[in-house]
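K.L.:
There's a structure below that I have some questions on.
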Amino acid sequence: MAKWWLPDAVEFIDEVPKTGVGKFSKKTLRERFAEYPLTS
């Protein structure tokens, strides 16, 4: 399996934040995990 196919990290959260219309809020997730340390 190619290394770039594998995720750098896996984080389990209780609930995925959603927008007002019910879509996943990718903006909120990016802000929440912006400082997340990734190992290479």
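K.L.:
Are there any pairs with C-beta distances below 8 angstrom linking a residue in region 21-34 that is assigned to a loop (DSSP other than H, G, I, E, B) to a residue that is hydroxyl-bearing (Ser, Thr, Tyr), with the two at least 6 apart or on different chains, and if so which?
P.N.:
From residues that are assigned to a loop (DSSP other than H, G, I, E, B), the pairs are Ser25/Thr19.
K.L.:
Additional query: Among the candidates Glu15, Glu11, which residue alone is loosely packed, with under 10 Cβ neighbours inside 10 Å, at pLDDT below 90 and among the charged types (D, E, K, R)?
P.N.:
Only one candidate qualifies: Glu11.
K.L.:
Take the residues in region 19-40 that are over 13 Å from the mean Cα position of the chain (by Cα) and not hydrophobic (A, V, I, L, M, F, W, C), then tell me which one is modelled with the lowest pLDDT.
P.N.:
The qualifying residue modelled with the lowest pLDDT is Ser40.
The values are calculated or read from the model by the stated rules, or taken from the named source; none is laboratory data. All values reported here derive from a predicted model rather than from experimental measurement. Positions of Cβ are backbone-derived with ideal geometry, glycine not excepted, and every protein chain shown enters the neighbour counts.
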